[in-house]
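Novice: I'd like to ask some things about the structure below.
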Amino acid sequence: MRDSTVSSLLRLTPPLPVMDLHRVYKSFGPVQALKGVDLVIIPGEVHAIVGENGAGKSTLIGIAAGVLAADSGTIQFDNKPVAAPNPKSMREIGVSVVYQHPALAPDLTVLENLQLAAPTLDARAADTLIARVATPQLQMPVNRRVAELSLAQRHIVELARALATNPKVLFLDEPTEPLQQADVRKLFELIAELKGAGVAIVYVSHRLHEVDELADRISVMRDGEIIDRRLARAITASEIVTLIAGKPLAQIFPPKAAGHGELLFETRGLTGRGFDHVDMTVHKGEIVGLAGIEGEGQREFIRAAAGIDTRDAGDITLNGRVIRGEGPGALRKAGVGFISDDRHKEGVFLNLTLRENLGLGFLGAISRFGVIDRTGESSKAAGITEALRIRTLSIEADLSQLSGGNQQKALFGREISAEPAVLLVDEPTKGVDIGARSEIYQRLRAAADRGLGVLVSSSDGIELEGLCDRVLIFARGRVVRALSGRDVTDASITEANLTATVSRAAATPGTAARGDGLHRLLASDHFPAIVLAVLTVIILGGTQAMNGYFLSPISVKSILSFLGIVTFLSIAQLATILVGAIDLSVGSLAGLCVVGASFLTPDGADGWSLIGGTIVVILGALMYGVLQGVTITYLRLPAIVVTIASFIGLQGISLLLRPTAAGEIADEISDTAQIPVLFLPLAMVLTLLVVGGLEAVLYRTGSGRRYRAVGSNPLASLRLGIDSRRLMVAAFALSGLLTGIGGMLLAGQVGIGSPSTGTDYTLMSITVVVLGGASVAGGRGSILSTFLGAALVQATSSASSFIDANSSVHYAVIGGLTLLAAIFFSLARRHRIEPRA
Amino acid sequence: MTDGGTGRLRLPSLGDLADLPLAAKSFIATVVLVVIGAILAPSTVNSAAILSTLPYFAILAMPSIGQHLVIQQRGLDLSVAGIMSFTAVVVTKLPDGSTHFGTVMFWLAAALAVGALCGAITGAIVTYLFVPPLVATIGMNAILYGLTYWVSTGASVQAPPMLVQFFEGVILYVPNTIWVLAIVGAVVVFVLARTVIGRRFIAVSVNPAAAHAVGIPLKTYSLLTYTIAGFLYAVGAVMLSGYLVSPTVLCGLPYLLGTIAAVVVGGNPIGGITKGSVVATIIGAFFLTYLAQLVTALGFGGSAEDLADAIIVISGVGLPEVARRLRHA
């Protein structure tokens, strides 16, 4: 009833768009991704955008989300132009995007990831939100780290995060790819509910049956343009197919084989992650397709059959002989070629020339005793380039200068030149324009006609229909149906996919949600802290047991003083490591602070000039940190190189200022640090306050979350509109500030302007950070654990010098601890699931 | 001599001045520096001065080739100082002043083997235990410092006279250190440019995932890279010991930044991705050696040299980026 009132109202007054993109152009280098796209988005309507890979859908979403800046064109929201769109402003006015590849920070928990978009969301609201968007199978506790979730669960978090800000416009980019039927139904119910509440939904998918079910309005994209837009009821599925492809299918695809030759390639009982006991065959002259919903095992299977990913069991047979050995090397040698779905990452070598790329296919044929015949290589490469009509200026052009279609042809040429017996192709035309696409189909068919076997995995039903002689449908990691002859149609593939998944029993939650208790404990944030505390107590107690003088008051005082120094310098190090950088200059900068103190806070100076001098030293270190951060961030230089140069340069300055140790530092500096407060020296109290304060900021505030998110996943941060450059500079500034404080404490302990005191602290700070369980790649680390790491290092160091003053032991112990801790954490966290990007 | 494929041996022609290969760029930079040096301090370009610079150049270039290989494989080796210091102790302290050819050769071989072994251990930790190269090499470096102090007991020792004689020697007017560099450099350049192993090595550095897909054993290449690098550091340390006669205990220390600087000054990118050029790194090593001599000739001490090195490295990575920005601005 309500429906009819609404629609009659709509008929009376034309619906007002909530968002309106007008004449949007965008190019990447020579490639025109969008050529003047208009998109009108209306509240309470599902607007589907369909088109092939590379048609420009993702670029359009990027621009609507403020992640990409359009070259020209305007965006209006609620009839007001959006001046300078960026991810944050677009989210705030009410645009949310569910990305095809979830943009999450893996080192943060589910709740923290949600809070990156909606800072005020609490745990209970987050639970409710997750329950609203996910079936019980996919729900997860919100304190779970995202790295531990299955791919489907990550999509749920991505969806929940998009809804957490109560958007007016929701973009969904291929949202059902990793989902199973029940989860898809849940999503569709959610979409209906949002639609009822007046949310505008833009639904991007290549699954026409979904579009058919959901869409009120359909826009078809091709080659960067919207070539047609209609109300959904005014267009048929076959019209859409022809619009997407650009011409009738018969003109795109080569004729199929009349028959096929003898058995060529066979898998028996092939089992691995994601697929289970797969038996299948490919004959000579035959093109066999693999179909299935994303995550049903077909991709994992074809990769394992090529040896790219490992398999657990089963045989691969070629020409009746079982292939011995594993890995791509053995399989290629036997005659199995492979073309990956991710051309840039796993296919071509963009920064090598076309000749070198092709040459990798036939190095054996053009080399003698391991030496390459360059003339032979060039002529063979030129031959392939001509035969495949690869458009390039020369075979000496870098592959990055070729278009996507020509890169794909080069990849195809390389694999064919290796003269395989069977060619496995994962998504043969992903990111390839329509013209080159047809050529690739012709080449694949020509190869099959020459007697090759071809196995193709594709998510595009039309492609499978046009290209394949036989199609195998995957579900739950097994082949559940085979279509051949006239049954190979997009419609029957879709139907087979659906019936296969509908019949699925209540599935296991995700593919790999894992974690026995022990593993979870080993991988937790608190684990290092516990271990470090226990080890520290053991070392202190053990040494005390060996020598009763070890824990004398004076010795404890000295241990605590140095603990403060190590802690400050290690947290300085952690500050940069958390955002994915590193600061090798920490030690030298602390050393320069000591030298600076010998000039600015000399023995005999009065109280005020000592305070002034201390402030100048600390501010100087802070300024140096800022300078370093700005250099690294805004010139995009590798932090490691800049800071290692800094390390040497600062030491040079120290040596220039104090060629030998000279210049006594005022005793008041160390005396002040030793003032007892609550039974502890002032310096230690300050250390504990800083540790507690920074830990709270890092784990309890929005800034702390953003800080960790930048280190954990820079891309996700970009999409969320986090200003990673400012945070990077802040990280180096913080590092400089903490090094300055640590440096002054060190100055108090050393008491004289010695030019070389600080240098060992760079290594020590890294050791401490690694011991504290921080990830050197960024995103993960705890200040508290770092403090306990510092305690362990200081205890070890004091104990070893108490037992044997030889510096050789000291170095070896620190080095050994670094390696052992790094190896331990690397292995303990090895099991986290990395979804394929 | 057109070697278009790798751009490694190509000399600049007028046609492609805009897109010069790395080796040519670093060569031009070096010529410019030497010209400036000749004006500021003419004494740095007389034949005696050049001849005395050459051994230091060779000694820096040798480990720089190792560092180059590691950096090209997307790593960074901070164990240069430890490996060089420790192998220098092996070749000076352990022969115990022997003049017996066999003994000296034994410890020479031992030093080279130890270098390769240390590299192999770091390589194994990086490759099979998935520890980031930075942490693995920094830890190995510290352990080797410890070993160096322990074996040397903190005192420097004279190298065996035989080594001193050889590395201070000259054949056909060219210092022997340069001969050693020429042979090792030529082998590395040839292997990278002309052999299947070299091509695969480059493929791994440019795109490891794609290299895996074409069946190249990544782990073997990674392990071999660190092993060869360790070997080259040891060769450098042996040359250094022979030339300096009695190297200090931590004689490898300057080579930590020095080798990275040579790679950077050669214009090679940090972290693989593009091909890089070993010849450019070797030229980079000459640039830095001459710069150090110039700084000294101008009356600044060793610490100013540190400062100059630091500035050179930061400009080396920074200037191309600044230039790129200016071009696009």
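The values are calculated or read from the model by the stated rules, or taken from the named source; none is laboratory data. This structure is a prediction, so every number in the text was calculated from the model and none was measured. Virtual Cβ from ideal backbone geometry, glycine too; neighbours counted across all protein chains shown.
Novice: Test each condition in (1) modelled with pLDDT under 80; (2) part of a loop (DSSP other than H, G, I, E, B); (3) within 22 Å of A:Ala55 (Cα to Cα); (4) touching a helix residue (DSSP H, G or I) at 6+ places or on another chain (Cβ under 7 Å) for A:His206 and report the one that comes out false.
Specialist: (4)
Novice: Among A:Thr687, A:Thr672, which is in contact with a Gly (Cβ under 9 Å, 6 or more places away or on another chain) and at pLDDT 90 or above?
Specialist: The unique qualifying residue is A:Thr687.
Novice: Got at least one residue in the range A:508-515 being exposed (fewer than 13 other Cβ atoms within 10 Å of the Cβ) and either acidic (Asp, Glu) or modelled with pLDDT under 85 (or both)?
Specialist: yes
Novice: Can you pull out the residues in the range A:725-783 that are closer than 30 Å to A:Leu116 by Cα and aromatic (Phe, Trp, Tyr)?
Specialist: Residue satisfying the conditions is A:Phe732 alone.
Novice: Out of all the residues in the range B:90-110, is one or more part of a loop (DSSP other than H, G, I, E, B), touching a residue at least 40 places away in the same chain (Cβ under 8 Å) and within 12 Å of chain A (Cβ to nearest Cβ)?
Specialist: Checking the range B:90-110: not a single residue is part of a loop (DSSP other than H, G, I, E, B), touching a residue at least 40 places away in the same chain (Cβ under 8 Å) and within 12 Å of chain A (Cβ to nearest Cβ).
Novice: Then there's this: Against the conditions (1) surrounded by 17 or more Cβ atoms within 10 Å (Cβ to Cβ); (2) farther than 25 Å from B:Ala23 by Cβ; (3) within 8 Å of chain A (Cβ to nearest Cβ); (4) not basic (Lys, Arg), where does B:Phe130 fall short? Just the number, please.
Specialist: Failing condition for B:Phe130: (1).
Novice: Any residue in the range A:692-703 that is touching a Phe, Trp or Tyr at 6+ places or on another chain (Cβ under 8 Å) and either more than 14 Å from chain B (Cβ to nearest Cβ) or closer than 19 Å to A:Ala774 by Cα (or both)?
Specialist: So far as the range A:692-703 goes, yes, one or more of its residues are touching a Phe, Trp or Tyr at 6+ places or on another chain (Cβ under 8 Å) and either more than 14 Å from chain B (Cβ to nearest Cβ) or closer than 19 Å to A:Ala774 by Cα (or both).
Novice: Okay, moving on. In the range B:275-285, which residue that is modelled with pLDDT of 85 or more and within 14 Å of chain A (Cβ to nearest Cβ) is surrounded by the most Cβ atoms within 10 Å (Cβ to Cβ)?
Specialist: Residue satisfying both the conditions and the ranking: B:Gly284.
Novice: With the requirement that a residue be crowded, with 20+ Cβ neighbours inside 10 Å and either without any contact (Cβ under 8 Å) to a residue 12 or more places away in the chain or within 12 Å of chain B (Cβ to nearest Cβ) (or both), what does the range A:373-400 give you?
Specialist: Of everything in the range A:373-400, those that are crowded, with 20+ Cβ neighbours inside 10 Å and either without any contact (Cβ under 8 Å) to a residue 12 or more places away in the chain or within 12 Å of chain B (Cβ to nearest Cβ) (or both) turn out to be A:Glu377, A:Ala381, A:Ile395, A:Leu399.
Conditions tested, residue by residue: (1) surrounded by fewer than 19 Cβ atoms within 10 Å (Cβ to Cβ); (2) small (Gly, Ala, Ser); (3) more than 30 Å from the chain's Cα centre (by Cα).
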| position | (1), (2), (3) |
| --- | --- |
| A:Phe275 | no, no, no |
| A:Val288 | no, no, yes |
| A:Ala291 | no, yes, no |
| A:Gln298 | no, no, no |
| A:Gly307 | no, yes, no |
| A:Thr310 | yes, no, no |
| A:Thr317 | yes, no, yes |
| A:Gly327 | yes, yes, no |
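Novice: Looking only at residues that are under 13 Å from A:Leu402 (Cα atoms) and at the interface with chain B (Cβ under 7 Å from one of its Cβ atoms) in the range A:351-370, which one is surrounded by the most Cβ atoms within 10 Å (Cβ to Cβ)?
Specialist: Applying the filter and picking the extreme gives A:Leu352.
Novice: Given A:Gly94, A:Gly62, which one is under 28 Å from A:Glu427 (Cα atoms) and either in the same structural domain as A:Leu172 (by TED's automatic domain parsing) or more than 20 Å from the chain's Cα centre (by Cα) (or both)?
Specialist: A:Gly62
Novice: Quick one: how many residues across the range A:264-301 are touching a helix residue (DSSP H, G or I) at 6+ places or on another chain (Cβ under 9 Å), among the hydrophobic types (A, V, I, L, M, F, W, C) and touching a residue at least 60 places away in the same chain (Cβ under 8 Å)?
Specialist: Of the residues in that region, 8 qualify.
Novice: Of everything in the range A:630-645 that's aliphatic (A, V, I, L, M) and in a loop (DSSP other than H, G, I, E, B), which residue is surrounded by the most Cβ atoms within 10 Å (Cβ to Cβ)?
Specialist: A:Leu637
Novice: Could you please find all residues in the range B:263-274 being within 11 Å of another protein chain (Cβ to nearest Cβ) and either assigned to a helix (DSSP H, G or I) or in contact with a Pro (Cβ under 6 Å, 6 or more places away or on another chain) (or both)?
Specialist: B:Val263, B:Val264, B:Ile270
Novice: Also, I was wondering about something else. Keeping to the range A:530-569, report how many residues are part of a helix (DSSP H, G or I) and out of contact with any Phe, Trp or Tyr (no Cβ under 8 Å at 6 or more places or on another chain).
Specialist: Here the count works out to 26.
Novice: Which residues, counting only those in the range A:369-416, are under 21 Å from A:Ala55 (Cα atoms) and among the polar types (S, T, N, Q)?
Specialist: A:Ser400, A:Gln401, A:Ser403, A:Asn406, A:Gln407, A:Gln408
Novice: Further question on the same structure: Of the residues in the range A:600-642, how many are more than 17 Å from A:Ala733 (Cβ to Cβ) and away from every other protein chain (no Cβ under 14 Å)?
Specialist: 15
Novice: Ok, one more. Exactly one condition in (1) more than 18 Å from B:Phe190 (Cα to Cα); (2) acidic (Asp, Glu); (3) part of a helix (DSSP H, G or I) is false for A:Glu377; which is it?
Specialist: Of the numbered conditions (1) more than 18 Å from B:Phe190 (Cα to Cα); (2) acidic (Asp, Glu); (3) part of a helix (DSSP H, G or I), the odd one out for A:Glu377 is (1).
Novice: So which of A:Ala747, A:Ala733 ends up being modelled with pLDDT of 95 or more and either buried (at least 24 other Cβ atoms within 10 Å of the Cβ) or not hydroxyl-bearing (Ser, Thr, Tyr) (or both)?
Specialist: Selected residue: A:Ala733, the only one of A:Ala747, A:Ala733 that is modelled with pLDDT of 95 or more and either buried (at least 24 other Cβ atoms within 10 Å of the Cβ) or not hydroxyl-bearing (Ser, Thr, Tyr) (or both).
Novice: Within the range A:799-809, can one find any residue that is in a helix (DSSP H, G or I), surrounded by fewer than 19 Cβ atoms within 10 Å (Cβ to Cβ), more than 14 Å from every other protein chain (Cβ to nearest Cβ) and modelled with pLDDT under 85?
Specialist: yes
Novice: Determine whether the range B:148-155 contains at least one residue that is more than 14 Å from chain A (Cβ to nearest Cβ) and of a type outside the set (Val, Ile, Thr).
Specialist: Looking through the range B:148-155, none of the residues is more than 14 Å from chain A (Cβ to nearest Cβ) and of a type outside the set (Val, Ile, Thr).
Novice: Okay, next question. For the condition closer than 23 Å to A:Asp276 by Cβ, more than 8 Å from every other protein chain (Cβ to nearest Cβ) and in a strand (DSSP E or B), what is the one hit in A:Gly314, A:Gly325, A:Gly337?
Specialist: Result of the check over A:Gly314, A:Gly325, A:Gly337: A:Gly314.
Novice: Another one. With a cut-off of at least 1 residues that are among the acidic types (Asp, Glu), in contact (Cβ under 8 Å) with a residue 40 or more places away in the chain and surrounded by fewer than 23 Cβ atoms within 10 Å (Cβ to Cβ), name the helices (runs of 4 or more DSSP H) lying wholly within the range B:144-262.
Specialist: Correct list: B:161-168.
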